[in-house]
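Okay, so here's the structure we're looking at.
The values are calculated or read from the model by the stated rules, or taken from the named source; none is laboratory data. Everything numeric here is computed off the predicted structure, so don't read it as measured data. We place every Cβ from the backbone using ideal geometry, glycine too, and count neighbours over all the protein chains shown. Each accessible area value is taken on the protein alone, full model and side chains, heavy atoms only, with ligands, DNA and RNA left out. Shrake-Rupley method; radii C 1.70, N 1.55, O 1.52, S 1.80 Å.
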Amino acid sequence: MNCRLGCGACCIAPSITSPIPGMPNGKPAGVRCIQLDDNNLCKIFGQPERPDLCGRFVATEDVCGSTNEEALWLITSLEAATKS
């Protein structure tokens with residue numbers, strides 16, 4: 001599956017502990033990444049500053065569902081289930 005452009009769920013729902021430009025301590029779950037633009041596109045996509053974690057994310061139907069809203073719900077649920 002390819003990412004749905006403009007979804008942004010993977011840049012909002014999960015926590016990211018590695019530094020992100022503009023967010024040196026990463027971001028908590030449910031917080032919109034500062035690098036997500038108004039169209040829910042990554043401003044640093046393909047750039048070396050983009051966290052490795054983001055580059056390793058693979059969109060799959062079981063994680064992203066069939067709509068942007070479903071993706072946000074699924075990723076939020078996964079984050080909550082794996083929270084330490």
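Among the cysteines of the chain, those whose beta-carbon sits 4.7 Å or more from every other cysteine beta-carbon are C3, C7, C10, C42, C54, C64.
Tell me the mean residue ellipticity at 222 nm calculated for the chain from its helices only (DSSP H runs of n ≥ 4, each -39500 (n - 2.57), averaged over every residue, nearest 500).
Mean residue ellipticity, 222 nm, calculated: -7500 deg cm²/dmol.
Extending 7 Å from Cα along the Cβ direction at L5 and again at A59 yields two label points whose distance is 1.0 nm. Note on D52/R32: beta-carbon distance plugged into 1/(1 + (r/R0)^6) with R0 of 25 Å gives a FRET efficiency of 0.80.
Per-atom-type breakdown for the chain gives carbon and sulfur 57% of the accessible area (1.4 Å probe, protein chains only).
Amide H contacts for I20 (H built 1.01 Å from N in the peptide plane; partners 5 or more residues away or on another chain; cut-off under 5 Å): N25, G26.
Accessible area per residue was computed with a 1.4 Å probe on protein heavy atoms; D37 scores about 40 Å².
Please identify every one of the trypsin sites (Lys or Arg not before Pro) in the chain that sits in a loop by DSSP and has no more than 10 other beta carbons within 10 Å of its own beta carbon.
On the way: sites: R4, R32, K43, R56, K83; in loops: R4, R32, K43, K83.
Of the trypsin sites (Lys or Arg not before Pro), the ones in loops of the chain whose Cβ has at most 10 other Cβ atoms within 10 Å are K83.
Charged neighbours of I34, selected by a Cβ distance under 14 Å, balance to +1 (K, R count +1; D, E count -1).
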